[in-house]
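Presented below is the structure to which this report refers.
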Amino acid sequence: EAGVAQSPRYKIIEKRQSVAFWCNPISGHATLYWYQQILGQGPKLLIQFQNNGVVDDSQLPKDRFSAERLKGVDSTLKIQPAKLEDSAVYLCASSSLQHTDTQYFGPGTRLTVL
Amino acid sequence: AQSVTQPDIHITVSEGASLELRCNYSYGATPYLFWYVQSPGQGLQLLLKYFSGDTLVQGIKGFEAEFKRSQSSFNLRKPSVHWSDAAEYFCAVGAKMYSGGGADGLTFGKGTHLIIQP
């Protein structure tokens with residue numbers, strides 16, 4: 001079974017630029033999560049989708065971050081405009097409705113904002 | 001709101017020695033508890049999880065953890081560490097699953113960096 005795919009793996013941008021990350025969850029997984037992991041900290045949930053609906057986006061900085069999962073499969077997370085403090089690893093995870101207890105994580109996208 | 005505390009930022013253990021990583025959680029109801037490991041450049045890998053039942057849970061790679069409700073703890077243990085165990089370890093708590101399926105996102109601790117001495 002293929003794991004969670006993310007791209008790009010690395011991205012370097014200047015502040016005030018825009019950036020987008022892509023995630024393809026494990027096939028058949030209805031629930032998709034985006035986490036932000038700042039260096040030296042644990043991951044923090046940004047947004048959670050179930051199919052193509054948002055379940056929880058309470059910690060998403062909506063003035064600059066947006067995410068979508070239009071067809072209930074892959075997802076895109078966008079930052080516009082980026083700030084220095086957005087430098088982090090962005091992790092995507094997915095879980096199935098049959099086994100909701102386990103989230104499977106992708107390798108992450110490391111973003112550096114200069 | 002739930003929270004997780006991992007009191008040790010770094011731990012150094014000699015290869016072959018036993019290991020215990022501490023985790024304390026705060027949650028109003030029965031929590032779902034997890035331990036993940038993250039090696040450099042790798043994604044998070046689930047080591048073990050606790051939902052209910054036996055408070056001593058076994059995981060992969062020879063790890064185990066014990067849920068102690070009275071102490072709000074879920075410490076990770078391994079009887080004999082190997083050099084390949086050097087990594088970052090995260091404890092996480094999840095809220096109860098909801099009836100429509102799916103589970104809330106996890107709340108992670110800040111992690112414990114494990115260093116293995118030869």
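The values are calculated or read from the model by the stated rules, or taken from the named source; none is laboratory data. Since the structure is predicted, the reported quantities are computational estimates derived from the model, not experimental observations. All Cβ positions, glycine included, derive from the backbone under ideal geometry; neighbour counts span all protein chains shown. Surface areas here come from the heavy atoms of the whole protein model, side chains and all, with no ligands, DNA or RNA. Shrake-Rupley method; radii C 1.70, N 1.55, O 1.52, S 1.80 Å.
In table form, for the structure just shown:
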{"read-out": "Segment A:16-114, dipole about Cα centre (Lys/Arg Cβ +1, Asp/Glu Cβ -1), debye to the nearest 20", "value": "260 debye"}
{"read-out": "Cα point-scatterer Debye curve for segment A:5-98, base-10 log of I(q)/I(0) at q = 0.15, 0.23 Å⁻¹", "value": "-0.54, -1.25"}
{"read-out": "Under-5 Å amide H pairs with residue A:5, H placed in peptide plane, nonlocal only", "value": "A:24"}
{"read-out": "Simple label model, 7 Å out from Cα along Cβ direction - residue A:80 to residue B:61, nm", "value": "3.9 nm"}
{"read-out": "Distance cut-off 19 Å, percentage of C-alpha pairs in segment B:3-117 lying past it", "value": "43 percent"}
{"read-out": "Stretchable slack from residue B:20 to residue B:83, in nm (0.36 nm times residue separation minus alpha-carbon distance)", "value": "21.1 nm"}
{"read-out": "Sites residue A:18 and residue A:97 - FRET efficiency at Förster radius 45 Å, r taken between beta-carbons, to 0.05", "value": "0.85"}
{"read-out": "20 Å Cα-Cα reach of residue B:78 towards aspartates and glutamates, excluding residues that sit fewer than 8 places from it in its own chain", "value": "B:8, B:15, B:20, B:54, B:64, B:66, B:88"}
{"read-out": "Residue B:87 long-range amide H proximity, modeled H, under 5 Å", "value": "B:114"}
{"read-out": "Spatial extent of the protein assembly as shown: Rg and Dmax, with the Cα atoms as the point set, Å", "value": "17.6, 51"}
{"read-out": "Debye, to nearest 20: dipole size of segment B:3-117, +1 on Lys, Arg Cβ, -1 on Asp, Glu Cβ", "value": "240 debye"}
{"read-out": "Protein accessible area in the protein assembly as shown, 1.4 Å probe - carbon and sulfur %", "value": "49 percent"}
{"read-out": "Per-residue ³J(HN,Hα) for segment A:12-21, Karplus 6.51 cos²θ - 1.76 cosθ + 1.60, θ = phi - 60°, Hz, x for Gly and Pro", "value": "10, 9, 9, 4, 6, 7, 9, 8, 9, 10"}
{"read-out": "Subset of A:44/B:68; A:44/B:61; A:44/B:49; A:71/B:61; A:62/B:68; A:78/B:110 violating a 30 Å alpha-carbon distance limit", "value": "A:71/B:61; A:62/B:68"}
{"read-out": "Number of partner chain Cβ atoms within 10 Å, mean per residue of A:41-51", "value": "5"}
{"read-out": "Listed residues B:34, B:108, B:51, most fluctuating in chain B (Gaussian network, C-alpha, under 10 Å)", "value": "B:51"}
{"read-out": "Accessible area (Å², per residue) of chain A, counting only protein heavy atoms and a probe of 1.4 Å", "value": "49 Å²"}
{"read-out": "Sites residue B:117 and residue A:38, calculated FRET efficiency, Cβ-Cβ separation with R0 35 Å, nearest 0.05", "value": "0.80"}
{"read-out": "For segment A:104-109, 3J(HN,Hα) per residue [Karplus equation, 6.51 cos²θ - 1.76 cosθ + 1.60, θ = phi - 60°, Hz, x = Gly/Pro]", "value": "9, 9, x, x, x, 10"}
{"read-out": "Exercise: per-residue mean of other protein chain Cβ atoms within 10 Å, A:82-91", "value": "1"}
